[in-house]
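Beneath this line is the structure, given in structure tokens, with notes to follow.
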Amino acid sequence: MNAAPHASKSAVLDAALQVIRAKGYTATTVDDICAVAGVTKGSFFHHFPGKEDMTLAAIEHWNHVTAEVFQHAAYQRKKDPRDRVLAYIDFRKDLLQGQVQEFTCLLGTLVQETFATHPRLRDACNAGISAHARIVARDIAAAKTLHAPDAAWDPGALALFTQAALQGAFVLAKAKGNAAVAAACIDHLRQHVAHLLGAKTRAGQRKETTP
């Protein structure tokens, strides 16, 4: 008896990920979401009081979906944490597939538009981005212990920098209408992180670890 409502709720949340990344929060309407989800407005309001509450649920849905993607990605199987960190960055570049709205981040898209007007959305986006950064920071910290123990930089700060660089790359991809600029930014991010961890760059030269 509960299968259909559950399916319609999931369809709404999947549609929200698609439409909000393409149109932004303000321009997205309940009608847009319902059209893409293939549900009625009655079904929408059965599950959600309004657009903001639906978007909060969509953020949670996004966090769950993306966590599954990262958890099962091939880079997780690398034994050396430095290799995991660099392969994580490579994986983020590999995700630059399809149209710009298909690879950009829901949280970054939302928070740029709503940080001053919708504090609940801002806080939910911050929580999602920060949680992912903490996961990345664990591997960075382990890599620093092994490969750059005397370096003065902070793993948590570097993890946040990786997210800032990625979100900035997405903004440039939107501005230029293609993924090439984002890919180039991620290449620079990788080179910077490799340098800090004393790894080889793409050119094959080993960089000295920053003291």
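The values are calculated or read from the model by the stated rules, or taken from the named source; none is laboratory data. Predicted, not measured: the structure shown is a model, and the values here were computed from it. In this analysis, Cβ positions are derived from the backbone assuming ideal geometry, glycine residues included, and neighbour counts consider all displayed protein chains. Note: accessible area is taken over every heavy atom of the protein model, side chains too, but ligands, DNA and RNA are not part of it. Shrake-Rupley method; radii C 1.70, N 1.55, O 1.52, S 1.80 Å.
Across segment 58-96, the number of residues qualifying as touching a residue at least 40 places away in the same chain (Cβ under 8 Å) and outside any helix (DSSP H, G or I) comes to 2. Remark: Asp139 falls outside the filter, which requires a residue to be more than 19 Å from Lys78 (Cβ to Cβ) and charged (D, E, K, R). Checked against (1) open to solvent by less than 70 Å² (accessible area, probe 1.4 Å); (2) more than 26 Å from Ala199 (Cβ to Cβ), Phe45 meets all criteria but (1).
Ala7 passes every criterion in (1) under 30 Å from Thr117 (Cα atoms); (2) assigned to a helix (DSSP H, G or I); (3) of a type in the set (A, V, I, L, M, F, W, C) apart from (1). The residues in segment 18-32 that are part of a loop (DSSP other than H, G, I, E, B) and either open to solvent by 40 Å² or more (accessible area, probe 1.4 Å) or of a type outside the set (Val, Ile, Thr) (or both) can be counted, and the count is 5. Taken together, the residues in segment 142-166 that are touching a residue at least 40 places away in the same chain (Cβ under 8 Å) and not polar (S, T, N, Q) amount to 11.
Does segment 118-150 hold any residues that are in a loop (DSSP other than H, G, I, E, B) and either charged (D, E, K, R) or open to solvent by less than 10 Å² (accessible area, probe 1.4 Å) (or both), and which are they? Don't jump to the end; show me each part of the working.
Kept after step one, since they are in a loop (DSSP other than H, G, I, E, B), are these residues of segment 118-150: 118, 148-150.
Listed by number, the residues that qualify are Ala148, Asp150.
Only a single item in (1) open to solvent by less than 50 Å² (accessible area, probe 1.4 Å); (2) part of a helix (DSSP H, G or I); (3) out of contact with any Lys or Arg (no Cβ under 7 Å at 6 or more places or on another chain) is not met by Val39, and it is number (2). Would you be able to say whether some residue in segment 188-200 is in contact with a Leu (Cβ under 8 Å, 6 or more places away or on another chain) and either among the basic types (Lys, Arg) or open to solvent by 30 Å² or more (accessible area, probe 1.4 Å) (or both)? There is at least one residue in segment 188-200 that is in contact with a Leu (Cβ under 8 Å, 6 or more places away or on another chain) and either among the basic types (Lys, Arg) or open to solvent by 30 Å² or more (accessible area, probe 1.4 Å) (or both).
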